[in-house]
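What follows is one structure encoded as structure tokens, with my remarks underneath.
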Amino acid sequence: MIHIVAFLIENFSDIAACPQGQDLGEMLENAGFADEEIGKALMVLELLDEQGDIDTAAFDSTAMRVYHDDECEVLPAEVRSLLYFLEKQQALKPAEREFVIHALMHLPFDEITLENAKVLALLVLWAQRTELPTLIGDDLMSVLHGKGTMH
């Protein structure tokens with residue numbers, strides 16, 4: 001899914017500019033992506049589309065996020081740390097964090113990695129048209145391109 005997210009971010013200004021459903025699936029297939037990866041990406045994009053603009057007013061930004069035991073079993077500490085860091089740096093709003101957690105919890109266990117958490121966070125931020133601080137954006141983008149652009 002990392003390569004599909006990179007493809008989408010590089011080719012479309014935001015989620016609204018992407019083709020929808022089957023048209024996007026055909027475009028990704030023509031670009032050479034595997035059916036399984038296309039299916040995962042379409043599922044996440046559909047969830048983002050269903051949610052629309054994530055309602056940030058529904059969350060108290062001063063509240064502390066406590067993970068349920070089931071979430072602690074599934075989400076590695078490094079993933080939880082990333083989400084905490086992104087929220088504290090005000091890159092992710094609490095509602096966006098919850099979307100990333102929800103999406104991660106629906107991935108197969110072996111795919112719940114720091115890299116996929118970064119990809120999902122980047123996808124949510126791209127869909128929300130969020131402007132990121134340079135260093136945070138560079139760190140998230142490094143998962144797509146293999147290394148940071150800042151030196």
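Some points to look at:
- For region 61-128: rounded, prolate or oblate by the Cα gyration tensor [a/c cutoff 1.5]: oblate
- Accessible surface, 1.4 Å probe, highest first, among residues MET27, MET64: MET64, MET27
- Cα-based reach from LYS118 at 12 Å (exclusive), listing aspartates and glutamates while leaving out same-chain residues under 8 positions away: GLU78, ASP138, ASP139
- Peptides 101-108, 2-9, 33-40 ranked from most to least packed by the mean count of surrounding Cβ atoms within 10 Å: 2-9, 101-108, 33-40.
The values are calculated or read from the model by the stated rules, or taken from the named source; none is laboratory data. This is a predicted model, so every value here is computed, not measured. Note: ideal-geometry Cβ built from the backbone for every residue, glycine included; neighbour counts use all protein chains shown. SASA here: full protein model, heavy atoms, side chains in, ligands and nucleic acids out. Shrake-Rupley method; radii C 1.70, N 1.55, O 1.52, S 1.80 Å.
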